[in-house]
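The values are calculated or read from the model by the stated rules, or taken from the named source; none is laboratory data. Computed from a predicted structure; not experimentally measured. For neighbour counting, all protein chains shown are included, and Cβ atoms are generated from backbone atoms with ideal geometry for every residue, glycine included.
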Amino acid sequence: EPEVTQTPSHQVTQMGQEVILRCVPISNHLYFYWYRQILGQKVEFLVSFYNNEISEKSEIFDDQFSVERPDGSNFTLKIRSTKLEDSAMYFCASSYLQGSNQPQHFGDGTRLSIL
Amino acid sequence: GESVGLHLPTLSVQEGDNSIINCAYSNSASDYFIWYKQESGKGPQFIIDIRSNMDKRQGQRVTVLLNKTVKHLSLQIAATQPGDSAVYFCSFGGYQKVTFGTGTKLQVIP
């Protein structure tokens, strides 16, 4: 069964440094998403992306965050200047059709640790 | 406003018994519901979904029931196995995003 893959599985970064988290969505999917989960808390929506532009973002997704689909297979999340509170699991998801009739499929996440 | 699933935090079930995980929601406009399972160290895994024009849907060993009158959703797992141990989330498929609740941790007792 096709799956969403994320790399690296664990990223350790110094506070203030830039970090890029990478995702390869399922190949025929058109909609892409990032979520995060702080340890012990709920999975929170960050951003959705379609047709090379952001379609919705949450309050968490401030100017420090950006997303990009640099080629036909990768989808990246960049945090420009990391803060301690950015430490979390970051999940990428994709779906074929957006909206109320299609489930999103998630990767296994990147654990981001900010020192 | 957004719906957020309300769960009991934990559920312990004997291996081989049936499990029922319950969820309540608040937004009567919710029209698409998804159950996800999250094992330790992994991402949410899609289990089953249901649209608001249905009240029951069955998968392999799982059944989802939707009661729109009382805004209640349940996931039934038949013959629970140790591999079913995980946190289960009912979630709501908004137009752009999935909204997760806090989940129910299912513990399977051997």
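Can you give me the ranges of the strands (runs of 3 or more DSSP E) entirely in segment B:5-55 with at least 3 residues that are facing another protein chain (nearest Cβ under 9 Å) and crowded, with 20+ Cβ neighbours inside 10 Å? Explain how you work it out, then say what you get.
Details: elements: B:10-14, B:19-24, B:32-38, B:45-51.
Qualifying strands (runs of 3 or more DSSP E): B:32-38.
Would you check if there is a residue in segment B:69-80 being buried (at least 21 other Cβ atoms within 10 Å of the Cβ) and at pLDDT below 90?
Taking every residue of segment B:69-80 in turn, none turns out to be buried (at least 21 other Cβ atoms within 10 Å of the Cβ) and at pLDDT below 90.
Check whether at least one residue in segment A:28-38 is hydroxyl-bearing (Ser, Thr, Tyr) and farther than 19 Å from residue B:100 by Cβ, and report yes or no.
Within segment A:28-38 (the criterion being hydroxyl-bearing (Ser, Thr, Tyr) and farther than 19 Å from residue B:100 by Cβ), the answer is no, since none of the residues qualifies.
Give the residue, chosen from A:96, A:50, A:90, that is crowded, with 18+ Cβ neighbours inside 10 Å and out of contact with any helix residue (DSSP H, G or I) (no Cβ under 8 Å at 6 or more places or on another chain).
Values: A:96 fails: crowded, with 18+ Cβ neighbours inside 10 Å; A:50 fails: crowded, with 18+ Cβ neighbours inside 10 Å.
Within the list A:96, A:50, A:90, the selection yields A:90.
Conditions (1) of a type outside the set (S, T, N, Q); (2) over 28 Å from residue B:33 (Cβ atoms), marked per residue:
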{"position": "A:27", "(1), (2)": "no, no"}
{"position": "A:57", "(1), (2)": "yes, no"}
{"position": "A:60", "(1), (2)": "yes, no"}
{"position": "A:113", "(1), (2)": "no, yes"}
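Is it the case that residue A:25 is without any contact (Cβ under 8 Å) to a residue 24 or more places away in the chain and within 13 Å of another protein chain (Cβ to nearest Cβ)?
It is false that residue A:25 is without any contact (Cβ under 8 Å) to a residue 24 or more places away in the chain and within 13 Å of another protein chain (Cβ to nearest Cβ).
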